[in-house]
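Undergrad: Handing you this structure, nothing more for now.
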């Protein structure tokens, strides 16, 4: 048995060792993605993930003498066993199961096959770790690091302040259009998962840094030239290289660099961790759970409720530290 890959890079190397994608499989995947986009309006990131999942399965099937469209339940179980032996975790396999069910249901509806081999595949058990939030003092240290005397540092400060003030996902932050922020009213319009929009207050500190970014940093980063619209026709709020929006990877590297400069272990700091910190700190200071659900853009309250466990731990520590019988 081959060694278990432990990193995404090792998994990519493993995928490269598989046979190339067959043309009939590529056409079947393309038709499915086109239909899924038209019927369900999935985000580009979700469609890309579906494409990667199906292409990897198709190439694995080609290596075992089969094809994607005609795979039976036994073949799918074999593929899941292969993934388990090569380091793919429950979360990745849960997404794959959803992808397989959608793909083979599409084939049944299209009359390509009569049965659905993915219908009886049980979902993997998903661990539900508590969100890892930074302390308030760590957040303060992180926000204070960027060198605001230079355009890039001022932009980073504004991005960090906005992410913490509004609890944004990193994809929401880097893709914000310039017209999403209303400084006069002190709100930002966010387009979240499923293209659902929500209005989130900015807070005075975040608003001040955004005003300064727009006044000082953004013109310097654009060189005074018009900013080209992105693929969706929107002009980005934040400017990275080539007068385009920074990528998620750009912001990931920036937050790691600033964490190290703040004396915080970069391995413990992620963009999503700053969103977790926003939610946890609000609850610690008495925020209502349903209001937090709206601010985070969660479709279900049950998704938000996990933060109450983090807040409960915080209250228990306070009680133990300060109560005379704690």
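The values are calculated or read from the model by the stated rules, or taken from the named source; none is laboratory data. Given the structure is predicted, the values throughout are model-derived calculations rather than measurements. Glycine also receives a Cβ, built like all others from the backbone with ideal geometry; neighbour counts cover every protein chain displayed.
Undergrad: Report the residue count in segment 246-269 for those that are under 17 Å from residue 168 (Cα atoms), in contact (Cβ under 8 Å) with a residue 60 or more places away in the chain and either under 13 Å from the mean Cα position of the chain (by Cα) or not in a loop (DSSP other than H, G, I, E, B) (or both).
TA: The qualifying residues number 7.
Undergrad: For segment 172-193, name all the residues that are over 19 Å from residue 218 (Cα atoms), surrounded by 17 or more Cβ atoms within 10 Å (Cβ to Cβ) and either touching a residue at least 24 places away in the same chain (Cβ under 8 Å) or not assigned by TED's automatic domain parsing to the domain that holds residue 157 (or both).
TA: Matches in segment 172-193: 190, 192.
Undergrad: Please go through segment 196-226 and pick out each residue that is at positive phi and either surrounded by 14 or more Cβ atoms within 10 Å (Cβ to Cβ) or not assigned by TED's automatic domain parsing to the domain that holds residue 153 (or both).
TA: If the condition is that a residue be at positive phi and either surrounded by 14 or more Cβ atoms within 10 Å (Cβ to Cβ) or not assigned by TED's automatic domain parsing to the domain that holds residue 153 (or both), then 203 is the only one that fits.
Undergrad: Please name all residue pairs, on different chains or six or more residues apart, with Cβ atoms under 6 Å, provided the first residue is in segment 273-292 and is farther than 14 Å from residue 200 by Cα and the second residue is in a loop (DSSP other than H, G, I, E, B).
TA: Once the first residue is farther than 14 Å from residue 200 by Cα and sits in segment 273-292, its partners that are in a loop (DSSP other than H, G, I, E, B) give 273/132; 276/131; 276/133; 277/133; 277/134; 280/133.
Undergrad: Determine whether residue 265 is out of contact with any strand residue (DSSP E or B) (no Cβ under 9 Å at 6 or more places or on another chain) and in the same structural domain as residue 300 (by TED's automatic domain parsing).
TA: Answer is yes for this residue.
Undergrad: Considering only residues of segment 65-97 that are loosely packed, with under 12 Cβ neighbours inside 10 Å and part of a helix (DSSP H, G or I), which is nearest to the chain's Cα centre (by Cα)?
TA: If we take residues in segment 65-97 being loosely packed, with under 12 Cβ neighbours inside 10 Å and part of a helix (DSSP H, G or I), then 91 is nearest to the chain's Cα centre (by Cα).
Undergrad: Still on this structure, I have one more. Tell me the residue from 122, 115 that is assigned to a loop (DSSP other than H, G, I, E, B), at pLDDT 80 or above, more than 28 Å from residue 280 (Cβ to Cβ) and not assigned by TED's automatic domain parsing to the domain that holds residue 254, please.
TA: Answer to the selection: 115.
Undergrad: Right, something else. Taking the residues in segment 227-244 that are at positive phi and exposed (fewer than 10 other Cβ atoms within 10 Å of the Cβ) as candidates, determine which candidate is farthest from the chain's Cα centre (by Cα).
TA: Residue satisfying both the conditions and the ranking: 242.
Undergrad: Within segment 208-245, which residues are touching a residue at least 40 places away in the same chain (Cβ under 8 Å), closer than 25 Å to residue 139 by Cα and touching a strand residue (DSSP E or B) at 6+ places or on another chain (Cβ under 9 Å)?
TA: If the condition is that a residue be touching a residue at least 40 places away in the same chain (Cβ under 8 Å), closer than 25 Å to residue 139 by Cα and touching a strand residue (DSSP E or B) at 6+ places or on another chain (Cβ under 9 Å), then 210, 237, 245 are the ones that fit.
Undergrad: For segment 194-226, give me each residue that is under 22 Å from residue 45 (Cβ atoms) and either in a loop (DSSP other than H, G, I, E, B) or more than 20 Å from the chain's Cα centre (by Cα) (or both).
TA: Within segment 194-226, 196 is the sole residue that qualifies.
Undergrad: Would you confirm, using the coordinates I've provided, whether residue 62 is outside the structural domain of residue 268 (by TED's automatic domain parsing) and either loosely packed, with under 14 Cβ neighbours inside 10 Å or not in a helix (DSSP H, G or I) (or both)?
TA: In short, no.
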